[in-house]
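The values are calculated or read from the model by the stated rules, or taken from the named source; none is laboratory data. Since the model is a prediction, treat every value here as computed from it, not as a measurement. Backbone-built Cβ (ideal geometry, glycine too); neighbour counts: all protein chains shown.
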């Protein structure tokens, strides 16, 4: 525990140093929510229109903001004033909010502690490095400003309860998490199937009793969250706020998912067809804007609706659901949850690139289990962190984000390299160990030991080199060679290149779930 | 600024030359190189005396006075009692500070000339930069980093001193950093330093090897009284608590109107006292080194 606190302490000093740096409009959003929940009665939380940043998270998060606003009021009442606090940029507000994120990360710490209690010490330290010093979480939470650390604490807690067999607790915590941020609901099918098959079994009567137990728990949680709003008759408004489907297929910056390829394919085909002579009208609607009546933003390929994306996510998820139905095993729950989030990320509607965190955080728990897992996680973590770079577009944060990614890569490399030969050496005899480390020559023991060492194949290495090339192009060569022309090109390149990596991760995870179960 | 290290380099190189078979030739070679380098660098300004002097006067701005602000060095601290600026002219103060600096440098220089060694060289760097910091003209608070550098190189031998000196060096710069609105960075970096220093499983946790045993023996033999007082847990705890309280007072309370710089002065006094103790301690450590070395040499000769 002391060692865990040491890791947390180092991370906290870095987070403190980042307090004066760039923050996005999310800081103002959360400050406004502090004001709404503090100054207005509950019945007006989802109706207030004082600012454009309306409350669009589920009620538990609103209660959380209400809790924080008590302290904000003590420190500086103007933070929580509904009108005077608008765009309030004083130090008190910024410091309070940044420190509230740092303190709420204690919950992530707790989740990590519970999840890694049973691991041997070297693996446990490595998981701590991957989770507590995660660069993606640092960039999104402490620079861009969000409360993801807190939420991931709940997710890790839920996963660890399920892995230990405490299904009711796990389900309960997940239900609570859903009422904090509904984006986590992408993994709900996995939870549903797993709990149905693993918890609600043992004959008709017992199974039905357990089903009712879990049903009651979930209903109770949702009632605690949404009850007051049902009472006021506001449930429609709440749901409308939580699911703003007026948005487009992609965010303003395209998240590296499958739809990037679909859009590029559409543009490419339209371009070719135009060259050949067909008359393809350029579409009026845009991908990032809302659904403009009947107009489709696609020139050639069929239009994508929210329902299409929903169906595709379920389709992609189905192998995992099928496997979980056939053989629900506690040890595989982290992988299934991560796979669910991967499918949601790749095929979902209006996906934000921050959602790649949902993939890498649960997978960090299993990254230490085998060499293949480690290699996969190494690539995934770099891709997911790199895809977050466009979030920090100001020049002063450039060294910070590059250094964070580099440090993380180096740490991961050394930690994984330290972990894996040791494992194999412990398995084999002492003689084999000496042979493989000292004599770099004959013996099948040498090839066996080398195969088990942590190193990347040439495909992976060239992909990572490509990341460097894309970055150099976007930052240095593009402004130099092309100036102001094609300003969207660097972002598009990053998006497409990372999408390749994420698709690879999806296929790898799918293969693992199908084959290794 | 690097003149802070010049005496150490000079004495070490001189010592090495003298140990050689042909001392005069070595000294001549060294002197030629140094003078040659200076000539090449200063070439554009050597065409007339005025040009060279103009550069010098910019490098060493003597009109600014012997001290500025509240640096934890001798002139500033003793100015609480003896008003140097009022009693003497800048000219005479210049001579005083030069004399004082050279005098305090002298023991470590002599030691290096007599018995040059790489470890001793690091100590000499430490001592010469410290004496410059304490007695030189127009010293800036930032210059405390110069003694801190060789001490960091000696981190494995002087673990506790590193922690202690870093604390007081940071503390002496605190008013400056507060003015620059860097308090957050100060706190975060200080916390980071402490965390890295006390890393679980790191050397400060474990290392009970032979090195530290030797170290403790030499300290006991030579230093006894001084080190037992300076590093005694109660004294350290008391001073640590005082500095913490002073940090808080400095940030929250306003000084009385009669003495607007009271808090800076108190900080400066505490830091100066520790720096003086450090100088004495490190000078004696350097001399202990040569005793240790000569005893080793004697053993070698016997064998």
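Structure notes:
- Residue match in the range A:88-103 (condition: under 25 Å from residue A:364 (Cβ atoms), buried (at least 18 other Cβ atoms within 10 Å of the Cβ) and within 14 Å of chain B (Cβ to nearest Cβ)): yes
- Taking the range A:1-20 as the range and being at the interface with another protein chain (Cβ under 7 Å from one of its Cβ atoms), under 13 Å from residue A:138 (Cβ atoms) and assigned to a helix (DSSP H, G or I) as the test, the residues that pass are A:10, A:13, A:16, A:17.
- Taken as a whole, the range A:21-40 holds at least one residue that is within 14 Å of another protein chain (Cβ to nearest Cβ) and in contact (Cβ under 8 Å) with a residue 12 or more places away in the chain.
- Test result for residue A:207, at pLDDT below 90 and outside any helix (DSSP H, G or I): no
- The set of residues in the range A:162-187 that are modelled with pLDDT of 90 or more, assigned to a loop (DSSP other than H, G, I, E, B) and farther than 24 Å from residue A:312 by Cα comprises A:179, A:180.
- Considering residues of the range B:19-41 that are in contact with a helix residue (DSSP H, G or I) (Cβ under 7 Å, 6 or more places away or on another chain) and exposed (fewer than 15 other Cβ atoms within 10 Å of the Cβ) only, the residue nearest to residue B:150 (Cα to Cα): B:20
- Taken across the range B:64-83, residues that are surrounded by 12 or more Cβ atoms within 10 Å (Cβ to Cβ), free of Cβ contacts under 8 Å to residues at least 40 places away in the same chain and part of a helix (DSSP H, G or I) do occur, with at least one present.
- All positions within the range B:144-159 that are within 12 Å of the chain's Cα centre (by Cα) and farther than 20 Å from residue B:176 by Cβ: B:150, B:151, B:152
- Options B:108, B:92; residue that is surrounded by 13 or more Cβ atoms within 10 Å (Cβ to Cβ) and part of a helix (DSSP H, G or I): B:108
- Failed item, numbered, when residue B:53 is tested on (1) assigned to a helix (DSSP H, G or I); (2) in contact (Cβ under 8 Å) with a residue 60 or more places away in the chain: (2)
- Residue match in the range B:134-155 (condition: over 25 Å from residue B:101 (Cα atoms) and either out of contact with any strand residue (DSSP E or B) (no Cβ under 6 Å at 6 or more places or on another chain) or not in a helix (DSSP H, G or I) (or both)): yes
- Some residue of the range A:455-471 being buried (at least 16 other Cβ atoms within 10 Å of the Cβ), in a loop (DSSP other than H, G, I, E, B) and at pLDDT below 90: no
- Of the residues making up the range A:79-105, those that are part of a helix (DSSP H, G or I) and out of contact with any helix residue (DSSP H, G or I) (no Cβ under 8 Å at 6 or more places or on another chain) number 4.
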